[in-house]
Structure formats: C-alpha cells, structure tokens
Amino acid sequence: MRLSRYLLPVAKESPADAQIVSHKLMLRAGLVRQTAAGIYAWLPLGLRVLRKIEKIVREEQDRAGAVELLMPTLQSADLWRESGRYDAYGPEMLRITDRHEREMLYGPTNEEMITALFRDAARSYRDLPRTLYHIQWKFRDEVRPRFGVMRGREFLMKDAYSFDMDEAGARHSYNKMFVAYLRTFARMGVRAIPMQADTGPIGGDLSHEFIILAPSGESEVFYHANWEKPVDLGAIDTEDAGVLQQVVSGLVADYAATDEKRDPEREAATGDLLRTSRGIEVGHIFYFGTKYSEAMGMAVQAKDGTSVVPHMGSYGIGVSRLVGALIEASHDDAGIIWPEEVAPFKVGLINMRVDDETCTRVADDMYQKLTGLGVEVLYDDRDERGGAKFATMDVIGLPWQLVIGPKGLASGVVELKNRRTGEKQELSLDSALERLTG
Ligand code: 5CA
C-alpha cells in the first residue's frame, strides 16, 4: 500500500479525552475514530489489525472443532422473553421498536438465539456434541464507556456455544475451549491467564476469565508466579476427555483468581509465590448446564429413546477489545510495537527523498519485489520530511522499517530497523530483501 493513497490520519499530540496509553495510541496512530460515545469507526489501519486478530481467533476455533455461522445483530424481544432475560437484563440492553411496533433489541450476547436455532435443528444424540460460533458486533449500553475500544458500547465479540448430552460431555467441550483460548492468545504474542471468575448475568457454576496483565487493567488479579512463564501445551490429544481434563487440572492447580473469587486458603498455600497485578479481561468462558436449554424447551432423543435436555456452555473473546489490550501489553514512548502475527503490515518502507530519481526508482522497485513475494508493505512515498516519516512509522509500530535514502544508496546499502529492539542494520538491497522474505 502506498501511503500517498491511503487514509492514515496520524496525530502528534495525545488527544485530551484519552486516559490510557492504548486509547491514546489508537487515536494517534489513526486506527479508530469515535463517532458517538463508545462507538468507533475502524480506519483502514485499525481494520487490518482487527481482521488479523479475527483470523487467529477463527483458525483456533476451527482447530478446536467449533463450527462457524453468523447470527444477526438485531434480535426479537420475544426470543429473550422465552429465557426470562428480557426483563432481567436491565438498561445495558439497547431496545428498539420497528415500524410495526415490534420490540427488538441489539444483541448484547446470543445464548437465546443459538438455543432457538439449535433446538429447531437438532433431533437426537447424533446431532450432539456441537460447538457453534460466530464473530459478530454486540451492543451493551454501558453506563460509562471508556478506555476507547476496551470498554465500548458497540464491540466485536467471538461467541461460541456448546451443546452436549450430559455434564461430562459439556466439561470436555469446556476444556477444549480452555486450551483453544491459551493457544489463541499465545499466537498474538501475549499471555492471558485463566482465572476463576464470577458468572454474572450469563449464569452457571464453572467459569474462567482470560486476563492479560497490564497496569491499566480494570480488575485486580491474584496469581501464582508460575503463570509468568509460558505455558507449554505441546501436542495434546484434545479429543481424549481424560487426557484433556488432566492437562486443564494441572494448569489450574496454579492459583489464579479475580478479586471477586479470591480464595484465602489457596492464597496461603501459594505463599510468597503469590503475585498481584491489574489485568484486562480478553476472554470469558462459562459452563451453565441446562439453564437456557431447559427454559427454552429444548430436548433431544438419547440412544435409549429417552428425552434429554442438552448441557450448554458459552465462550466469549473480546476481538475489538484485544486491539487495545495488545497495545497495552506492547508499546514504548514512541508508539505501538505490534507482535508480527497481528501487525497491520510487516514492513514500513520509507523513501527518504521522493525528489531523487535513483532513490525513488530503487524504493519503487523494492516495493514491487516485496509485495510480489507476498510481504505486506506500507510504502511511505509521500513528499514529507524524513523526521516526520520516522515518527509515523514508530507510532504505527510495524515490525520492520526499511529506509532507502540517497546517502546509503551511494554506497549500495539500505537501513533495516527492528521496531521492537530498535536495532539498525545496513544491508545491501538483496540481503534486505532476503531478510524480509526469508
Ligand atoms: N455470552 C458470554 C460468552 S459468549 C458473554 O457475553 N461473555 S462476556 O460478557 O464475558 O463477554 C465476552 C468478552 O467480550 C469479554 O471477555 C470481553 O473481552 C468482551 N467485552 C465484554 N464487554 C465489552 C465491552 N463493553 N467492550 C469491549 N469488549 C467487551
């Protein structure tokens, strides 16, 4: 992409209304713009990050055996009356009336809709177990939307729902998601710690929040120092319920809990290995048995002919919140430092002198070669000062900066800078190309 043809409104100054670093940087780096309280437009660069996060989430859901579908954002109030949650949900639900005076709502979550869909599609034990998911916008009319996309009113969520014949099956489905979540966040270059959590309005008795440690986090968390080391999942057979249960039990043997779920006994046992921090909730998983299937009259035929009410779980990931959370976890004074897997582009190519014929010819040629080889390049071909170009590249945080200027070219070299380490190297054009494609 040529920057001269892109939309990248980068700002030098930190916006006054942003309190935390990720919100400031998202505005400064031209990733999003607020269009109403807690509602954001995703500008081209921000959208690329959002899509990359979505892709990792989707791949790991698919790998865990979940099946993708897409449910609408607008739902009918009657559906929520079936579960009894229409009145219970409160002012966070955005209620809408259509031209025929029908009551609708912008979905804050989808337990009711998926239960209705699955109730009408599943007949017998042969149709179970199933885990279904979608990645769709949600709306919660938060009293105090804040911290940019981290606590928005409209936000993108991956929500998955599992249906099993019994509790043992449901726990297996839960454990599969548990492991899929660890893999998902690890691929984004962050560690999210699974913590015992409250179930809130979703209900149920088994629940974990996945939390990224960051000083700006909304919740206070307590955990065993072991969680500071990476978790090695190796090649476990997630289809084997026993093996998987052992792996998950082994992991949660190390204490980790949110404020509401603190356990003095386990904390005493953790001793001086107990750590405390603030954290950002990027995922939340629940097992809630037959709460919705029962209320909404869902039953399937078992092998022995009897009628069984399926056990359910639900599993959320805050896809848009993750964009902010990843920045909280990875930035410096100059700007964002994207982990390679979610970076909007891999390379920022800087032409230092667009008015210099050789410089522009070499930079154009490098741009063609890199993109031709499938490398994602943002090419700064604008007629701007070098200093401004460097500052832009630093704030938007692409993993690599390739600088082409007349001085270097005179001795046959270009400069390659690693955004994370700050390390700079002078290389020939060919070796630079090799480094970025190898
Ligand atoms: N139905 C369940 C699981 S599918 C559910 O709604 N869970 S949740 O309420 O915990 O939300 C799932 C994830 O969405 C949270 O872990 C969080 O990362 C994200 N999320 C929740 N509220 C917001 C918000 N206001 N802004 C941005 N992300 C949010």
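Of the beta bridges in the stretch 347-437, as assigned by DSSP with both residues counted there, near 45 percent are antiparallel. When you filter the GluC sites (Glu not before Pro) in the stretch 99-157 for DSSP loop state and at most 16 other Cβ atoms inside 10 Å of their Cβ, you are left with E101, E142.
Counting only Cβ charges, +1 for Lys and Arg and -1 for Asp and Glu, the dipole size of the stretch 273-389 around its Cα centre is about 680 debye. Across the stretch 39-104, C-alpha contacts under 8 Å between residues 6 or more apart give a mean separation that, scaled by the residue count, equals a relative contact order of 23 percent.
Between the stretch 1-41 and the stretch 71-143, what is the C-alpha centre distance in whole Å? Cα centroid to Cα centroid, the span is 32 Å.
Computed over the stretch 3-336, the percent of Cα pairs more than 29 Å apart is 41.
Each 5 Å bin from zero holds the following percent of Cα-Cα pairs in the stretch 200-267: 3, 12, 21, 23, 19, 14, 7, 1.
Loop-located trypsin sites (Lys or Arg not before Pro) in the stretch 360-425 (DSSP state not H, G, I, E or B) with no more than 11 neighbouring Cβ atoms inside 10 Å: R385.
Reducing the stretch 154-188 and the stretch 199-258 to their Cα centroids gives an inter-centroid distance of 12 Å. Each Cα pair under 8 Å and six or more residues apart adds its sequence gap; the mean of these over the residue count of the stretch 138-291 is a relative contact order of 31 percent. A P(r) calculated from all alpha carbon pairs of the stretch 347-437, with 5 Å bins opening at zero, reads 3, 15, 29, 28, 20, 5, 0 percent.
Surface listing: S219, S22 arranged by accessible area from highest to lowest gives S219, S22, probe 1.4 Å. In whole angstrom, note down how far apart the Cα centers of the stretch 383-438 and the stretch 289-329 are. Cα centres, the stretch 383-438 to the stretch 289-329: 48 Å. Of the trypsin sites (Lys or Arg not before Pro) found in the stretch 243-277, the ones in coil according to DSSP and having at most 16 other Cβ atoms within 10 Å of their Cβ are R262. To the nearest ten degrees, helix 241-252 and the longest principal axis of the Cα atoms of the chain are 60 degrees apart.
In the chain, Cα pairs under 8 Å separated by at least six residues give a relative contact order of 17 percent. Approximating the spin labels as points 7 Å out from Cα along Cα→Cβ, the L117-to-D332 distance works out to 4.5 nm.
On the basis of the beta-carbon distance and an R0 of 22 Å, A36 and A16 show a calculated FRET efficiency of 0.75.
The values are calculated or read from the model by the stated rules, or taken from the named source; none is laboratory data. Keep in mind that this is a model prediction, so the values were computed, not measured. So basically every Cβ, Gly included, is an ideal-geometry build from the backbone, and we count neighbours across all protein chains shown. SASA here: full protein model, heavy atoms, side chains in, ligands and nucleic acids out. Shrake-Rupley method; radii C 1.70, N 1.55, O 1.52, S 1.80 Å.
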